[in-house]
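The values are calculated or read from the model by the stated rules, or taken from the named source; none is laboratory data. A quick note: this is a predicted structure, and the numbers were derived from the prediction, not measured. Methodologically, a virtual Cβ is constructed for each residue, glycine included, from the backbone with ideal geometry; neighbour enumeration extends over all protein chains shown.
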């Protein structure tokens, strides 16, 4: 489902400001916006546009405000696949902001129950726009009828990622390493660090490929993530390998998503991780118990041999004494 908000049990629309849409049941009362991400190549001094599709899947009419906001990543590393975004007037003041370039065809929309409408967003790129990434957010603000008794606490956000042609620099550095040299339990984890040193965003899907020495290959595909210029992401990727002793080799594959032009910004890239030894605790405990039992049996056998040797030696000594 595209970006959406649903009516909660108490009539509250929960907030969702992520790049991926929440999941709802087929009977959920939602207002949805699609697509969730606009990734478009533009030219300095040229005009362009894109369409935002809005659907009222509730049983009552809604008035929807259409707003344009600034968009930028927060400073520092963002842990997880969602990332932390600054969607505010302050973000609109940055050099990479494209909020002043966007103009919606309407600032207010009335939708009847079950009605769907398209809103055209005009894009006017300044002639002096610098090459690289420029960003904004289209926010749909539900305004319920005064008699509905429904409280609104959400803005449905669509991310707008524009790439101005020219000296665009792609520089995505990636590294992957296991969470430790030995994994005592499963699933096993790898730490992934992504840093965008270029001047344009990267829209990628991280995929972890695990090749065990004994077991079968495991492939884990993450959610699409946007990495803005200068941003660092720290991800934890988990693989559900079998809970048995094994030696794992992992490869991180970054699949670059295609832009609105249908072309991928860069080719897919791969990074290999160091080896990871899987020694589940149950195996370690079983091994220690087995070694303990074996040691105990060896000790008892040697004890019996010593006792038998002592008895035999005493009998020989007594026999010699009798002869003497």
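Below is a table of values for the structure above.
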quantity	calculated
Within region 93-131, considering residues that are without any contact (Cβ under 8 Å) to a residue 40 or more places away in the chain and part of a helix (DSSP H, G or I), the one farthest from residue 31 (Cα to Cα)	93
Extreme residue, surrounded by the most Cβ atoms within 10 Å (Cβ to Cβ), among residues of region 253-278 that are under 20 Å from the mean Cα position of the chain (by Cα), assigned to a strand (DSSP E or B) and modelled with pLDDT of 75 or more	254
Residue 230 being modelled with pLDDT of 90 or more, more than 29 Å from residue 278 (Cα to Cα) and out of contact with any helix residue (DSSP H, G or I) (no Cβ under 9 Å at 6 or more places or on another chain)	no
Only one of 200, 192, 241, 226 that is touching a residue at least 40 places away in the same chain (Cβ under 8 Å) and closer than 15 Å to residue 269 by Cβ	192
Out of 92, 21, 78, sole residue that is in contact with a helix residue (DSSP H, G or I) (Cβ under 6 Å, 6 or more places away or on another chain), surrounded by 13 or more Cβ atoms within 10 Å (Cβ to Cβ) and at pLDDT below 90	92
Count of residues meeting criterion [surrounded by 14 or more Cβ atoms within 10 Å (Cβ to Cβ) and at pLDDT below 85] in region 162-183	1
From 210, 241, residue being assigned to a strand (DSSP E or B) and buried (at least 20 other Cβ atoms within 10 Å of the Cβ)	210
